[in-house]
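First up is the structure itself, then whatever we jot down about it.
The values are calculated or read from the model by the stated rules, or taken from the named source; none is laboratory data. What you see is a predicted model, and the numbers here were worked out from it, not measured in a lab. Cβ atoms come from the backbone with ideal geometry, glycine included; neighbour counts cover every protein chain shown. Areas reflect the complete protein model, heavy atoms only, side chains present, ligands, DNA and RNA absent. Shrake-Rupley method; radii C 1.70, N 1.55, O 1.52, S 1.80 Å.
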Amino acid sequence: MFINSGCCFQDQGGIEIGNNVLIGQQVVIATLNHELTPSKRANLLPAPVKIGNNVWIGAHATILAGVTIGDNSVVAAGAVVNKDVPANVVVAGVPAKVIKNIEE
């Protein structure tokens, strides 16, 4: 595993990182969210982030609470991942979407 400089991991919901993972500089992993209703907004909603094996997360990407990233996938630089990422794909954008399949 390699974690570059300036990353910020908020881990109260739990973070699992697989083998051979590359995490670029200034990546954010956030495992807490808040209620949308104003009267409940101070309530914390923890949910784990799970990163599979051989994943590459590009610089300045943000991974939000409750997301699982499948084995061998790539998160492009600057992407905001708010939903699960299947194995063997590249995701990019805000919010992140599958843009390419990875073939061996």
If you put +1 on each Lys and Arg Cβ and -1 on each Asp and Glu Cβ, how big is the dipole of the range 36-104 around its Cα centre, in Debye rounded to 20?
-> 440
Counting DSSP beta bridges with both ends in the range 3-59, the antiparallel % (nearest 5) | 25
Compute the semi-axes of the equivalent ellipsoid of the range 40-85, taking the square root of 5 times each eigenvalue of the Cα gyration tensor, and list them largest first in whole Å.
-> 22, 13, 7
Roll a 1.4 angstrom probe over the protein heavy atoms and tell me the percent of accessible area of the chain that is carbon or sulfur.
-> 52
Taking a probe of 1.4 Å, how large is the accessible area per residue of the chain, in Å²?
-> 58
Could you run the Karplus curve 6.51 cos²θ - 1.76 cosθ + 1.60 with θ = phi - 60° over the range 47-56 and give me ³J(HN,Hα) per residue in whole Hz, x for Gly and Pro?
-> 8, x, 10, 10, 10, x, 6, 6, 8, 10
Long-range Cα-Cα pairs in the range 1-80 (distance over 21 Å), rounded percent = 25
Relative contact order for the chain using alpha-carbon pairs under 8 Å, separation at least 6, rounded to a whole percent?
-> 20
How far, in nm, would the chain grow between ARG41 and ALA59 when pulled straight, counting 0.36 nm per residue and subtracting the alpha carbon separation?
-> 3.5 nm
Counting DSSP beta bridges with both ends in the chain, the antiparallel % (nearest 5) | 25
What is the packing order of peptides 35-46, 15-26, 63-74, taking the mean over residues of other C-beta atoms within 10 Å and listing the highest first?
-> 63-74, 15-26, 35-46
Set Lys and Arg Cβ to +1 and Asp and Glu Cβ to -1, take the dipole of the chain about its Cα centre, and tell me which of CYS8, VAL91, ALA42 lies farthest positive.
-> ALA42
